[in-house]
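The values are calculated or read from the model by the stated rules, or taken from the named source; none is laboratory data. As the structure is a computational prediction, the values presented were derived from the model and not from experiment. Here Cβ is always computed from backbone atoms with ideal geometry, including for glycine, and neighbour counts include all displayed protein chains. Only protein heavy atoms, including side chains, enter the accessible area calculation; ligands, DNA and RNA are left aside. Shrake-Rupley method; radii C 1.70, N 1.55, O 1.52, S 1.80 Å.
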Amino acid sequence: MNLQERIWQHSRPFVIAGPCSVESQSQMMTVAKEIHENFKISLLRAGVWKPRTRPDSFEGVGKIGLSWLVEAGKSIGVPVATEVANSHHVELALKAGVDVLWIGARTTVNPFAVQEVADSLIGVDIPIMIKNPINPDLNLWIGAFERFQNAGFEDLTAIHRGFSVYNHPKYRNEPNWEIPIALMEKMPQIPIICDPSHISGKRERLFPVAQKSMDLNFSGLMIETHSNPNEAWSDKEQQITPKGLADLLNRLVLRKSMIKEEGLMYMELQRNKISEIDDQIFFLLKNRMELAEEVGDYKREKGITILQTEHWMEIINQRLVQADKLGLSQEFMREILDAIHQESIRHQNMVMNKSKE
Ligand code: PEP
Ligand code: MN
């Protein structure tokens, strides 16, 4: 099977669905059947080795799950995909007849592991999907593709699952859309699938992420689907039922692909990058004001005034030197700094003068 060709030829979105983890034979058969009754997906996914952040989480049923996955795929006539992280996984997955392999985000970060998997597959004709690394490093993601290309693989697909951040009020993994967009520019032959499940981390938030990926002309979606999400052994908050999957997919507004005229395509990409940076500026400003409030609390307790002129002048001088070095005009940066300072004082003022509970 050539996955790349299938994806490019499929009308958007190419859909990959299935549970986060294989749990049992009956769980796999049931979810495959229910998915099939609700929506005709193109690839059935499930993990048997689960790289979990904490060791006390469920880490997958292992080898036995491969045959349950393959059997479930056969029962609905859909090829199956699973995650591999080392040469042992590769050997077992190939033996079981898994059709497509994917490299997980925690493996893509490690060039040794990626190389080991690529080397263990030399001479094997199988499509590979590569998730972005957990850290927002485009080159590390590209490097993983190159390792497979050097090992003779052409049938490669990217999966965008977001990037790990310490403080994530909105997403489980920040989408940083500018990174997959840059991958589209650098490796236009590689289709990109969005994984809104791992980006949003919550089933209520899947839709806007999926819609955005369609608006950005992604080729497909990978969505974790479970017959009984609340009882799932992993990632229960982000999994949806097969019926929920069909509802989500049917709600998507699919706009026409961008007109492939050079200029328009370029403008669209640049605007998306700019908008992504503005998002980050807003988010950082919000974080900054939260810190100002914490400082305000402290000053209130200690009876210190808000305005520390000397400290503020020092900051301004340092930042204006920095502005020069970055090629930003001092006037512009001074205005920005003053505006931030004013807003920060407003926030500190708010906490300083709130009535004591
Ligand atoms: C998964 O797809 O279940 C998974 C573990 O994903 P990721 O590698 O994106 O965390
Ligand atoms: Mn998962």
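Worth pointing out:
- Region 11-29 versus region 87-155: alpha-carbon centroid distance in Å: 20
- Apolar share of the accessible surface for region 3-251: 50 percent from carbon plus sulfur atoms, 1.4 Å probe.
- Distance between region 159-215 and region 44-73 - C-alpha centres, whole angstrom: 23
- Chain lengthening between Leu285 and Asp297 when straightened (0.36 nm per residue, less Cα-Cα): 2.5 nm
- Most to least packed among 39-50, 171-182 [average Cβ atoms within 10 Å]: 39-50, 171-182
- When nucleic acids and ligands are ignored and a 1.4 Å probe is applied, His88 ends up with an accessible area of around 110 Å².
- Cβ-placed point charges (K, R +1; D, E -1), dipole of the chain about Cα centre in debye, nearest 20: 680
- Computed from point charges on the beta carbon alone (+1 for Lys and Arg, -1 for Asp and Glu), the dipole magnitude for region 32-119 about its Cα centre is near 160 Debye.
- Helix 64-76 and the long axis of the chain differ in direction by around 70°, with both axes built from C-alpha atoms.
- Only the Cβ atoms of Lys and Arg (+1) and of Asp and Glu (-1) were treated as charged; on that basis the dipole of region 225-357 about its Cα centre amounts to roughly 280 debye.
- Asp215-Asp137 FRET efficiency (beta carbon distance; Förster radius 35 Å; 0.05 resolution): 0.90
- DSSP-assigned coil residues among GluC sites (Glu not before Pro) in region 5-38, each with at most 13 further Cβ atoms within 10 Å: none
- For the chain, with +1 on Lys and Arg beta carbons and -1 on Asp and Glu, the positive-most of Ile16, Val100, Gln189 along the dipole: Ile16
- Extreme residue, positive dipole direction of region 261-352, given options His311, Ser275, Leu337 (C-beta unit charges): His311
- Area of Tyr298 that stays accessible when all protein chains are in place (1.4 Å probe, Å², to 10): 130
- Whole-Hz Karplus values for region 97-103 come out as x, 5, 7, 9, 10, 10, 9 Hz, taken residue by residue from phi with 6.51 cos²θ - 1.76 cosθ + 1.60 and θ = phi - 60°; glycine and proline positions read x.
- Peptide packing for 105-116, 51-62 was compared via the average number of neighbouring C-beta atoms within 10 Å per residue; ordered from the highest value, the list is 105-116, 51-62.
- Accessible surface, per residue, of region 261-352 when the full set of protein chains is kept, probe 1.4 Å, Å²: 74
- Other-chain or far-sequence residues with amide H under 5 Å of Thr225's (modelled H): Gly18, Cys20, Ile240
- Neighbourhood charge, 14 Å Cβ-Cβ cut-off, centred on Met222 and excluding it, Lys, Arg +1 and Asp, Glu -1: 0
- Of the residues Ala144, Ile126, Leu156, the one whose Cα sits farthest towards the positive end of the charge dipole of region 118-158 is Ala144 (charges of +1 on Lys and Arg Cβ, -1 on Asp and Glu Cβ, taken about the Cα centre).
- Couplings for region 325-338, taken from phi via the Karplus curve 6.51 cos²θ - 1.76 cosθ + 1.60 with θ = phi - 60°, read 4, 8, x, 9, 6, 5, 4, 4, 5, 5, 4, 5, 4, 4 Hz in order; Gly and Pro are left as x.
- Amide H contacts under 5 Å for Ile130, placed H, 5+ residues apart: Ile103, Thr157, Ala158, Ile159
- Over the chain, the hull volume per residue, using the convex hull of the C-alpha atoms, is 185 Å³.
- In Hz, Karplus ³J(HN,Hα) per residue of region 193-199 (6.51, -1.76, 1.60; θ = phi - 60°; x = Gly, Pro): 9, 9, 10, x, 4, 6, 6
- Residues whose amide H lies under 5 Å from that of Gly47, counting only those 5 or more places away or on a different chain, are Ser21, Val22; hydrogens are built 1.01 Å from N in the peptide plane.
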